[in-house]
Amino acid sequence: MPHPVPPGVRFHLTDVAFARQLAQPLGAERPQWSPLELHEPQRITRTSGSSGRSKFMLLARAAQEQWVATGTEKLTYVPGARLLVLAPFVTNGALARSSACLRRGAMVIGGGTGATVAELAPTHIWGLPAHVERLLRELPPGYTSPRPVDVATVGGVMAPSLRQEAARVFGGWIKNRYGSNEVGGICEEIGTDGVGLLCAGAEVRILAPDGSVLPPGETGTIAVRTSMMASGYLDLPDDTAASFRDGWFVSSDVGAIVGHRRLRLLGRKDDLVNIGGSRCRPRRWRPRSARSPPSPTARCRPCTGRRRRHARRGAGAGRGRDARRGRRADAAGLARRGRCDRARAGALGPAAAAGRQDRPARAAADVRGLGS
């Protein structure tokens, strides 16, 4: 797709035609490769678009080489390995991981689906949690891998149900890595409790709504600084000013420092569902609802009469006091039907000084409650 780039920078569309051209054998006239200076731009990458429209970024040679070196030095891929990459190669995580794999003499496979996994016979699978979830849905009924396959995801927290299903089907090591296309790797592995150790060279701050730095244990917005980070978004000065501040990338993720270089990732600020005034992550409560009865500790008022009418009408119907009653009744009904472990009726969660809900604190309370 056309996109303006700085002078002297070439933009290659990595489509099928480009791949076929690269696959052609070299002729008698070999290309002349001229190394770039470390500060010169080497790659235009983009965000995954999982939280909105995709944005383009420019990476210098020093940053891009660090991306690739981070994957190469782990010795994850050995000659004979077959890496199935589920994410598009235009995202830098996919390209850098594939480059690291090829440099170690292993094979990279792209474009695989659940229907072709048996034929492709990968030894490793890499992608976002959403990619792995889709791959599992596309598998033939009852499929299990005849050999262990290591599955690695990058991005946010991998839902426990997804982790368990991937382990059951593929039987290998399941790894959940936290990072972003703006800065690279942040935590090498996130555990089932959402806690991970920061990668070498990664610095993290937790910010309050006013931008001040919070002490360890306090929940807020995650800000990151690495040697692999981009300088901003191309042709988006407002987005760049909002996300890249004083040498730090201010993410849309919520978390807390819970120990020396240990980060607890709670989720995205905008990846929360409003149920009766309570904000929770759907990937946390949907899988749990299918196998768990309503919690005996849940407390809610009976949904009768006027409240039942509002529950049937939906949480978004109407405004004012009736709408608030309807949302609370909806939450009560969800709790009784086993779709949510805890009923939260009335004024829920910690409130900010201005009288509005403190969303990072609300997210922290939701994760603690739903994970118990």
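The values are calculated or read from the model by the stated rules, or taken from the named source; none is laboratory data. Values in this document were obtained by computation on a predicted structure and should not be read as measured data. For neighbour counting, all protein chains shown are included, and Cβ atoms are generated from backbone atoms with ideal geometry for every residue, glycine included.
Tabulated values for the structure
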quantity: Answer residue from segment 133-155, given it is among the small types (Gly, Ala, Ser) and part of a loop (DSSP other than H, G, I, E, B) and is farthest from the chain's Cα centre (by Cα) among those; calculated: Gly142
quantity: Whichever residue in segment 205-219 is assigned to a strand (DSSP E or B) and touching a Gly at 6+ places or on another chain (Cβ under 8 Å) and, among such residues, is nearest to Ile186 (Cα to Cα); calculated: Ile206
quantity: Hey, Ala130 closer than 30 Å to Ala256 by Cβ, among the small types (Gly, Ala, Ser) and within 20 Å of the chain's Cα centre (by Cα) or not; calculated: yes
quantity: Residues being surrounded by fewer than 21 Cβ atoms within 10 Å (Cβ to Cβ) and under 22 Å from the mean Cα position of the chain (by Cα) - total across segment 110-127; calculated: 5
quantity: Selected residue (criterion: farthest from Ile44 (Cα to Cα)) from residues of segment 161-195 that are among the polar types (S, T, N, Q) and surrounded by 19 or more Cβ atoms within 10 Å (Cβ to Cβ); calculated: Asn176
quantity: All positions within segment 166-187 that are modelled with pLDDT of 95 or more and charged (D, E, K, R); calculated: Arg168
quantity: Hits in segment 204-226 - residues which are buried (at least 16 other Cβ atoms within 10 Å of the Cβ) and either among the polar types (S, T, N, Q) or touching a Lys or Arg at 6+ places or on another chain (Cβ under 6 Å) (or both); calculated: Thr219, Thr221, Ala223, Thr226
quantity: Every residue from segment 199-218 that is out of contact with any strand residue (DSSP E or B) (no Cβ under 6 Å at 6 or more places or on another chain) and of a type in the set (A, V, I, L, M); calculated: Ala200
quantity: Residue list for segment 234-245, restricted to those being touching a strand residue (DSSP E or B) at 6+ places or on another chain (Cβ under 6 Å) and touching a residue at least 12 places away in the same chain (Cβ under 8 Å); calculated: Leu234, Asp239, Ser243
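Residues checked against (1) more than 17 Å from Val149 (Cα to Cα); (2) among the β-branched types (Val, Ile, Thr):
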position: Thr70; (1), (2): yes, yes
position: Val90; (1), (2): yes, yes
position: Ala94; (1), (2): yes, no
position: Val108; (1), (2): no, yes
position: Thr113; (1), (2): no, yes
position: Pro122; (1), (2): no, no
position: Gly127; (1), (2): no, no
